[in-house]
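This report concerns only the one structure given below.
The values are calculated or read from the model by the stated rules, or taken from the named source; none is laboratory data. Model, not experiment: these values are computed from the prediction. Cβ: placed from backbone, ideal geometry, glycine included. Neighbour counts: every protein chain shown. Surface areas here come from the heavy atoms of the whole protein model, side chains and all, with no ligands, DNA or RNA. Shrake-Rupley method; radii C 1.70, N 1.55, O 1.52, S 1.80 Å.
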Amino acid sequence: MIPIPSFPRHAVGLLAAALLLSASIPAGAVDTTALDPIPIQEGGRKKPYLVFANEALLALTGKTSLTVEGKKMTASQLVTSIWMEPAGWDAVPLILVNNLEVKKQAGFDETQKFFSHNELASSPGFLAALQRAEAARKAARDGRLTGIDKQVADIGLRLGEYEGLRNGSLFRIVPNPDGETAPWMTLDPADPLFQNLKTAFTSGDSAAFTTAAEALRTALAAQAPQFQPPAWRISLENAYQHFHPFRLAWIVYLAAGIVLAVTSLRGRAAGYTIGWVLAGLGFALQVSGLVARILIAGRPPVTNMYESIIWVAFGTVLFALIFEAIFRSRYFLLGAIPVAVVSLILADSQPTALDSSIQPLVPVLQSNFWLSTHVTTITLSYAAFALALGVGHIALGKVILGKKPSPALYNYIYRTLQVGVLLLAVGTILGGVWANYSWGRFWDWDPKETWALAALLAYLFLLHGRLAGRWGGFGLAVGAILAFQTIIMAWYGVNFVLGVGLHSYGFGSGGFGYALGFVILEVAFTAVAFVRHRSLTRHSGPPNQSPTSAPELVS
């Protein structure tokens, strides 16, 4: 066996013992949890069977559990059932089809969400759409699909995923002695280990299934142990899968935000202390999740949209805690918590648009040095700008309510913007150096590069306008909100709307309506604040808005 590092093994043992939750087994269902820690090779990575099952069901249905014939089944139970008893599953509606136009082309019921393999495979309309999508892929210069063709192709991938589960070809649990990257093999159906497992499952005997699974696990562990993942990593990934640290983090953050908001008028000192404690606990939960992903993947967690969202939420709270330690203002936590809560809820609730699975790196990203410098710096700049966005909302909210924000509040926006501009500038320069290292040129006006520059120029324009006296604190608050829309475009729009450029490893689809709605609401919010500000200024004269005034202590 590969030697297990002493620190991770000790830490993971404690984490697994403290945090691992038992799966709930519905009445009459076979307990399949004994399979959970068996390593399986899939998607270029070796992962626990539990993770494989969750990702497989998520790919098929967009869920990690499903109710079949009135019985709620976990991903592990359902995937194992397809493996052990494939007969009959072709008629079960498992495959997600949520695009209305695809349903129309296939002649399906437009109110139905899930369809069976039989329904899809026997639909002339869907098969024709699948052929058109494949022809469009071949005709595309980069092989990338958009629009309805991509939606159809995604359903085709789900269909292929189901067929791989049904015929057993995806269950690669037998290690290959030929090398670290050699493809693992499936279990021979005639193998007594498989037969014992199948007999116990089909008879509904959980005790016998657990015994057979343990025997299988022991036998597999003895095969080519030098090419198997370390036991501590499998244990950690199982614990991470059960614990849901980011879900717990946003719940605790939300509690902190409620406490801080409720005690803004009464009990400020006690409420501030409780809010600090809860925010710190939420931050610790989020850090535990990030550390787990780093140890599992062996890289920083910033390689796709899901990871960048949880990283930005982390950075926003991190900067808020640092600034709170300096200024003791409460405004930083009040500005950061909504950003972190919304970000983590989106990451937790949009599995089809935001893939939370841990995937191997594409070649251009296989440099932990550049990944740890350029990408983390850029996303931390997004976090600083998101904090400025949150505090800007507080300032403009006061204006809309007819109150005069203090100069200190505008000063807080200014400080966070300074941090964001510094990080974005450094990150953009590092990106140019990495581009020269990877592609042989520093700059090529790739859409991602162009919008990163546009965002940097927008914030530089905002800060220089303040220095030139073109606007004061109120203008800075408005700019913190409007300039963040360039971040939305650089961060989300290039990857999920434009879908072009050399940064192809970050592309995805979905969520456009949410993003567009967010931009419209932000513009409307600043417009209302602007009108209200003009009204207040006419009645009371220009307020003192210098963002360089001394901060006030309001804790």
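Going through segment 246-297, which trypsin sites (Lys or Arg not before Pro) have at most 14 other Cβ atoms within 10 Å and a DSSP loop state? Don't jump to the answer; show the numbers that get you there.
Numbers: sites: 247, 266, 268, 293; in loops: 266.
The qualifying sites are 266.
Out of the total accessible area of the chain (probe 1.4 Å, heavy atoms of protein only), what percent is carbon and sulfur? Intermediate results must be reported in sequence, preceding the final value.
Details: 15570 of 24650 Å².
Within the chain, the accessible surface is 63 percent carbon and sulfur.
For Cα pairs less than 8 Å apart in space and 6+ apart in sequence, what is the mean separation divided by the residue count of the chain, i.e. the relative contact order in percent?
Numbers: 787 pairs, mean separation 71.6, N = 555.
Once normalised by length, the contact order is 13 percent.
Among 63/198; 150/448; 103/448; 63/104, which pairs are too far apart, with a Cα-Cα distance over 28 Å? Mind dumping the intermediate values first?
Numbers: 63/198 25 Å; 150/448 21 Å; 103/448 34 Å; 63/104 24 Å.
From the list (63/198; 150/448; 103/448; 63/104), the Cα-Cα distance tops 28 Å for 103/448.
Stretch residue 450-residue 471 to full length: gain in nm at 0.36 nm per residue minus the Cα-Cα span? Before the final figure, lay out the partial values.
Details: separation 21, 0.36 × 21 = 7.56 nm, distance 2.68 nm.
In short, 4.9 nm is gained.
What ³J(HN,Hα) values, in whole Hz, does the Karplus curve 6.51 cos²θ - 1.76 cosθ + 1.60 give for segment 179-188 when θ = phi - 60°, with x put for Gly and Pro?
x, 4, 9, 5, x, 6, 10, 8, 6, 5
Just to confirm, what accessible area per residue do you get for segment 391-491 at 1.4 Å probe, in whole Å²? Write down the numbers at each step before the final one.
Values: 4150 Å² over 101 residues.
So segment 391-491 comes to 41 Å² accessible per residue, rounded to a whole number.
From the phi of every residue in segment 519-526, what ³J(HN,Hα) in whole Hz does the Karplus formula 6.51 cos²θ - 1.76 cosθ + 1.60 yield, where θ is phi - 60° and glycine or proline is x?
4, 4, 5, 5, 5, 5, 4, 5
With each label point set 7 Å from Cα along the Cα-Cβ vector, what nm distance links residue 530 and residue 87?
Spacing of the two 7 Å Cα→Cβ label points: 7.0 nm.
For residue 68, list long-range residues whose amide hydrogen, built 1.01 Å from N in the peptide plane, is under 5 Å from its own amide hydrogen.
So residue 68 has HN proximity to 73.
Ranked from highest to lowest mean number of other Cβ atoms within 10 Å per residue, what is the order of the peptides 279-288, 32-41? List each step's numbers first, then the result.
Working: 279-288: 19.9, 32-41: 22.4.
Answer by packing, highest mean first, reads 32-41, 279-288.
Full extension from residue 258 to residue 199: what is 0.36 nm times the residue separation minus their Cα-Cα distance, to one decimal in nm? All intermediate terms of the calculation are to be shown ahead of the outcome.
Numbers: separation 59, 0.36 × 59 = 21.24 nm, distance 5.31 nm.
In short, 15.9 nm is gained.
For the chain, with only Lys/Arg (+1) and Asp/Glu (-1) charged at the beta-carbon, what is the dipole magnitude about the Cα centre, in debye rounded to 20? Could you put the intermediate results ahead of the total?
On the way: 40 positive and 33 negative charges, 483 e Å.
So the magnitude is around 2320 debye.
Put a dot 7 Å past each Cα toward the Cβ at residue 166 and residue 369; how far apart are the dots in nm?
5.0 nm
Taking the alpha-carbon set of segment 37-94, what are its Rg and Dmax in Å?
11.6, 35
Suppose the chain between residue 433 and residue 326 were pulled fully straight at 0.36 nm per residue; how much longer would it get relative to their current alpha carbon spacing? Intermediate values should be presented prior to the final figure.
On the way: separation 107, 0.36 × 107 = 38.52 nm, distance 3.42 nm.
Full extension of this stretch gives 35.1 nm more.
Using a 1.4 angstrom probe and counting only protein chains, how large is the accessible area of residue 451 in Å², to 10?
Approximately 80 Å² for this residue.
Return the tail of the calculated pair distribution for segment 406-461, meaning the percent of Cα-Cα pairs more than 18 Å apart. Write down the numbers at each step before the final one.
Numbers: 661 of 1540 pairs.
Of all Cα-Cα pairs in segment 406-461, 43 percent lie more than 18 Å apart.
Hey, what's segment 76-213 come to in accessible area per residue, 1.4 Å probe, Å²? Don't skip to the end; give the middle numbers.
Details: 6730 Å² over 138 residues.
In whole numbers, segment 76-213 has 49 Å² accessible per residue.
Going through segment 53-124, which trypsin sites (Lys or Arg not before Pro) have at most 14 other Cβ atoms within 10 Å and a DSSP loop state? Can you show the working numbers first?
Numbers: sites: 63, 71, 72, 103, 104, 113; in loops: 63, 113.
In loop regions of segment 53-124 (DSSP not H, G, I, E or B), the sparsely surrounded trypsin sites (Lys or Arg not before Pro) are 113.
For the chain, take the longest principal axis of its alpha carbons; what is the angle in degrees between that and the long axis of helix 473-482, to the nearest 10 within 0 to 90?
Helix 473-482 and the main axis of the chain meet at about 20 degrees.
What order do you get for 185-191, 322-328, 387-393 when each peptide is scored by the mean count of other beta carbon atoms within 10 Å, highest first?
Values: 185-191: 12.6, 322-328: 15.9, 387-393: 28.6.
By packing density, highest mean first, the sequence is 387-393, 322-328, 185-191.
Just grab the label-to-label distance for residue 69 and residue 281, each label 7 Å out from Cα along the Cβ direction, in nm (one decimal).
4.4 nm
Give or take rounding to whole Å, what are the principal axis extents of the alpha carbon atoms in the chain, in descending order?
86, 53, 51
Under the Karplus relation 6.51 cos²θ - 1.76 cosθ + 1.60, θ = phi - 60°, what is the ordered set of whole-Hz ³J(HN,Hα) values for segment 78-85, x standing for Gly and Pro?
Values, residue by residue: 5, 5, 5, 5, 4, 5, 7, 10 Hz.
Please get the size of the charge dipole for segment 318-423, origin at its Cα centre, with Cβ charges of +1 on Lys and Arg and -1 on Asp and Glu, quoted in debye to the nearest 20.
Numbers: 6 positive and 3 negative charges, 128 e Å.
It comes to approximately 620 debye.
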